[in-house]
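Asks: Mind having a look at this structure? Questions to follow.
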Amino acid sequence: PVITEQHPDQFLIQKGKLKLSNPHIQPGQEDVLYHIALGNKSHNLQSLFQDIKFVCMGGSPNRMRQFADYLVSELHINLPSGMGLTNIACGSDRYVLYKVGPVLSVSHGMGVPSLSIIFHEIVKLLHHAGCSDVTFFRLGTSGGLGIEPGSLVITEEAVDGLLRPYMEMATLGRLVQYPSRLDPDLARELQKLALTDPECHCHSTYLSKTMCTLDFYEGQARLDGAFCDYQAEDKMTFLKKVHSSGVANIEMESLCFASYCHRAGIRGAVVCVTLLDRLEGDQITTPHNILEEWQQRPQKLVASYIKLCLNGK
Ligand code: R2B
Ligand code: URA
């Protein structure tokens, strides 16, 4: 039988050195971070990463490289002369990892399973490195609901494809539910900054629920996948119901990101740009150069926030 358990709902942010809530990972024992080709015995993680205060994750390896380059100039980081940024996870071709001063820029791939793996390994990396008070961001793309394409959505709470505010995962033959609420203060601070920062205030920014699905096509009620067994009106009925429940955008990772931040006691925020209005269509037909500019919007907001924090707000 399938038994559903509810993980505790209280939201506690860890202070000081990041602790793991896994008694099986013991100090002194070897821990291989397989998908980023690093380990606590093979590398001096403390000297490499101890100063990390921000982890920024996004789906695409190239976009996270661009973000790292952008941070080098925004934070006035001096790289060793003649050296560009190097991908610290180059020993594996699954994810990319760039370090720019106190910021890690990491790709997480597409979908919850891919994000889940890198999240586990980054939290362990920070723990082995002795990092403290680290804030996580997901910088992403999404489909909007009833808002102008190019808008930013800061997630208050992630919901699944059934509009439930938790991630449900099969563990040891049982379904376990993990709440997916994000830190409300961080979300509000980001929204306030978006409304006041000259880099960001030219486009609209919303604070709302985000729906996280297991698929881009049928999972998001599209009509343009390889398969589709429903009609256009069924799609619209569903999307309108989702919209009226307070969801402003749909993507594929926020549920896991939010629930793992919650479980780990890490301050985290999800900032996504919308690439289209799903009440108007399914296909993304906006020219490439405009999409490129839109995808920099979450980066600009998060970089501004990081700069403020580093300058003591
Ligand atoms: C947004 O964009 C990707 C799908 O195109 C997916 O990773 C997501 O959440
Ligand atoms: N990413 C998604 O998951 N859905 C969209 O519609 C656009 C980007």
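Asks: Within the range 248-294, work out how many residues are over 18 Å from Glu156 (Cβ atoms), within 11 Å of ligand 1 (Cβ to nearest atom) and of a type in the set (Val, Ile, Thr).
Replies: Selection size over the range 248-294: 1.
Asks: What number of residues within the range 111-170 satisfy the criterion of being in contact with a strand residue (DSSP E or B) (Cβ under 6 Å, 6 or more places away or on another chain), more than 14 Å from ligand 2 (Cβ to nearest atom) and of a type in the set (Ser, Thr, Tyr)?
Replies: Here the count works out to 3.
Asks: Please determine, by comparing only the residues of the range 168-196 that are among the acidic types (Asp, Glu) and out of contact with any Leu (no Cβ under 7 Å at 6 or more places or on another chain), which one is surrounded by the fewest Cβ atoms within 10 Å (Cβ to Cβ).
Replies: Residues of the range 168-196 among the acidic types (Asp, Glu): 168, 183, 185, 189.
Next, only the ones that are out of contact with any Leu (no Cβ under 7 Å at 6 or more places or on another chain) stay: 183, 185, 189.
Values: Asp183: 19, Asp185: 11, Glu189: 17.
The selected residue is Asp185.
Asks: Tally up the residues in the range 209-247 that are on the phi < 0 side of the Ramachandran plot and within 16 Å of ligand 1 (Cβ to nearest atom), please.
Replies: 18
Asks: May I ask you to list the residues in the range 242-267 that are surrounded by fewer than 24 Cβ atoms within 10 Å (Cβ to Cβ) and under 24 Å from Leu18 (Cα atoms)?
Replies: Correct list: Tyr260, Arg263, Ala264, Gly265, Ile266, Arg267.
Asks: Assess whether Glu189 counts as being modelled with pLDDT of 95 or more, within 28 Å of Leu125 (Cβ to Cβ) and away from ligand 1 (no atom under 15 Å from the Cβ). Quick ask: steps written out before the conclusion?
Replies: Values: modelled with pLDDT of 95 or more: yes; within 28 Å of Leu125 (Cβ to Cβ): yes; away from ligand 1 (no atom under 15 Å from the Cβ): yes.
Criteria met by Glu189.
Asks: Hey, another quick one. Considering only the range 42-60, I want to know if a residue exists there that is over 12 Å from Leu104 (Cα atoms), within 16 Å of ligand 2 (Cβ to nearest atom) and within 21 Å of the chain's Cα centre (by Cα).
Replies: Looking only at the range 42-60, we keep the residues that are over 12 Å from Leu104 (Cα atoms), and these are 42-47, 59-60.
Then keep just the ones that are within 16 Å of ligand 2 (Cβ to nearest atom); that gives 59-60.
From what is left, the residues that are within 21 Å of the chain's Cα centre (by Cα) are 59-60.
Yes, the range 42-60 contains a residue that is over 12 Å from Leu104 (Cα atoms), within 16 Å of ligand 2 (Cβ to nearest atom) and within 21 Å of the chain's Cα centre (by Cα).
Asks: May I pose another question? Return the pairs, sorted by first residue and then second, in which the second residue is in a helix (DSSP H, G or I) and of a type in the set (Gly, Ala, Ser), the first residue lies in the range 241-259 and is farther than 14 Å from Met167 by Cα and within 12 Å of ligand 2 (Cβ to nearest atom), the beta carbons are less than 9 Å apart, and the residues are 6+ apart or on different chains.
Replies: From the range 241-259, the pairs are Ile250/Gly219.
Asks: I've got another one for you. Confirm whether Thr213 is within 14 Å of ligand 2 (Cβ to nearest atom), surrounded by 24 or more Cβ atoms within 10 Å (Cβ to Cβ) and under 30 Å from Asp185 (Cα atoms). Walk me through it before giving the result.
Replies: Working: within 14 Å of ligand 2 (Cβ to nearest atom): yes; surrounded by 24 or more Cβ atoms within 10 Å (Cβ to Cβ): no; under 30 Å from Asp185 (Cα atoms): yes.
No; evaluated as a whole, the condition is false for this residue.
Asks: Within the range 102-119, take every residue that is in contact (Cβ under 8 Å) with a residue 12 or more places away in the chain, surrounded by fewer than 21 Cβ atoms within 10 Å (Cβ to Cβ) and more than 10 Å from ligand 1 (Cβ to nearest atom) and give me the one that is nearest to Ile52 (Cα to Cα).
Replies: My answer is Pro102.
The values are calculated or read from the model by the stated rules, or taken from the named source; none is laboratory data. These numbers were taken from a predicted model, which means no experiment stands behind them. Positions of Cβ are generated from backbone atoms using ideal geometry, with glycine treated the same way; all protein chains shown enter the neighbour counts.
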